[in-house]
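The values are calculated or read from the model by the stated rules, or taken from the named source; none is laboratory data. Keep in mind that what you see is a predicted model, and the values were worked out from it rather than measured. Cβ sites come from the backbone with ideal geometry, for glycine too, and all protein chains shown count toward neighbours. These area figures cover heavy atoms from the full protein model, side chains too; ligands, DNA and RNA do not enter into them. Shrake-Rupley method; radii C 1.70, N 1.55, O 1.52, S 1.80 Å.
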Amino acid sequence: MKVMPLDDPIVVTGMGALGAGAANPAELYAAALRGRSPAEWMNLEGISDSIAVSRAPDPVLPSPELRYARRLDRSAHLALAAARQAIATARLGDGIDQGEVGVVIGSSRGPIERTVASTLDAAWSQMSPTTSAETTPASLSGMIAQAYGFGASISMVSATCASAAAAINIAALQLAMGEAQAVVVGGAEAPLIPLLAAQLRAARVMGWDEDPALTCRPFDVSRNGLMMGEGAAVLVLERA
């Protein structure tokens, strides 16, 4: 096994993010410094009352990348948009073999909205031949690899709320063992659908407050649950 020497540490060379009312890492950092929640009320079909959620802006994808993601889940669109920012910042096209770039994406639920929609397709005998590929969790990482021609290890990690953190750990190990020159790594989630809201309510883990901005307050002694949110964040990791 090839081990990374101490004088060649792993570094972050690119960042991308969409979420919490922010369209890029700079906006996300500024929002965190303001200390104000972007939560808002949202009505979901079949849910009796509004729930507080945190929504990401709609990703803007140019035609070359969009053609790989057009039929995919919103989580894949968010992942691709965040990856596009990170890849541009890292200048991965400059002097690096695209076949030596890996992709590791973490997601708790993966393409859940597209998966649920496909059950309706099945009921009406309208299943598309591409549905199998579009509903697999690995579609998030595979789509990024296809869009940019990356050919090192391509994988998907699902470890509930720690999915992206686990993905970063795996990416670092790949770099340390010399399995890739760079790894596009991060997480994406788009869970704002009735099914998941109903599940979390049944589990009694959804927080509540008259002010949606106060629904999620993890370090407050009066916290009473979590809030559903969507977004994506992606890094490019390389050896120094």
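Could you tell me whether segment 24-72 comes out rounded, prolate or oblate from its Cα gyration tensor? Rule is a ≥ b ≥ c as square roots of the eigenvalues, rounded for a/c under 1.5, then prolate if a/b exceeds b/c, otherwise oblate.
Oblate is the answer for segment 24-72, as a/c is 1.5 or above yet b/c matches or exceeds a/b.
Name the long-range amide H neighbours of GLY106: under 5 Å, sequence gap of 5 or more, or other chain; modelled H, no Pro or chain starts.
VAL157, GLY186, GLY187, ALA188
Please report, largest first and rounded to whole Å, the three semi-axes of the ellipsoid equivalent to segment 132-205, where each semi-axis is the square root of five times an eigenvalue of the C-alpha gyration tensor.
Semi-axes (√(5λ), whole Å): 29, 16, 8.
Expected output is a single nm value to one decimal: the length gained when fully extending between ILE47 and VAL205, i.e. 0.36 nm times separation in residues minus the C-alpha distance. What is it?
Net length gain for the segment: 55.3 nm.
Considering only DSSP states other than H, G, I, E and B, which chymotrypsin sites (Phe, Trp or Tyr not before Pro) in segment 141-240 qualify as loop sites with at most 15 other Cβ atoms within 10 Å?
TRP208, PHE219
For mean projected area of the Cα convex hull in nm², the listed values are (1) 15.2; (2) 15.8; (3) 13.0; which was obtained by calculation from the structure presented?
Correct label, based on the coordinates given: (1).
Under the rule of -39500 (n - 2.57) per DSSP H run of 4 or more residues, summed and divided by the residues of the chain, what mean residue ellipticity at 222 nm is obtained, to the nearest 500 deg cm²/dmol?
When only DSSP H runs of four or more count, the value is -10500 deg cm²/dmol.
Considering only DSSP states other than H, G, I, E and B, which trypsin sites (Lys or Arg not before Pro) in segment 66-147 qualify as loop sites with at most 15 other Cβ atoms within 10 Å?
Those satisfying the criteria are ARG70, ARG71, ARG91.
Quick one: the Cα spread of segment 75-138 along its three principal axes, in angstroms, biggest first?
50, 21, 15
Is the shape of segment 12-132 best called rounded, prolate or oblate, per the rule: a/c under 1.5 gives rounded, else a/b larger than b/c gives prolate, else oblate, with a ≥ b ≥ c the square roots of the Cα gyration tensor eigenvalues?
oblate
Can you tell me the orientation of helix 25-34 relative to the chain, as the angle in degrees between its alpha-carbon axis and the longest Cα principal axis, to the nearest 10?
Compared with the principal axis, the helix lies near 50 degrees.
Any chance you could look up the accessible area of SER108 with a 1.4 Å probe, heavy atoms only, rounded to 10 Å²?
40 Å²
What net charge is computed for the residues neighbouring ILE193, neighbours being all others with C-beta under 14 Å from the C-beta of ILE193, Lys and Arg scored +1, Asp and Glu -1?
With Lys, Arg at +1 and Asp, Glu at -1, the neighbours total 0.
On a C-alpha basis, how far is the centre of segment 174-223 from the centre of segment 21-82 in Å? Whole number, if you could?
With segment 174-223 and segment 21-82 each reduced to a Cα centre, they are spaced 12 Å.
Kindly express, to the nearest 10 degrees and within the range 0 to 90, the angle between helix 74-90's C-alpha long axis and the longest C-alpha principal axis of the chain.
40 degrees
List the longest stretch of the chain that has no exposed loop site; here a site is one of the GluC sites (Glu not before Pro) assigned by DSSP to anything other than H, G, I, E or B, with at most 10 other Cβ within 10 Å.
No qualifying site falls inside 46-209, the longest such stretch.
Which order do you get for ASP8, ASP211 if you rank them by accessible area with a 1.4 Å probe, largest at the top?
ASP211, ASP8
Do any trypsin sites (Lys or Arg not before Pro) in segment 147-240 lie in a DSSP loop with no more than 13 other beta carbon atoms within 10 Å, and if so, which?
Answer by residue number: ARG204.
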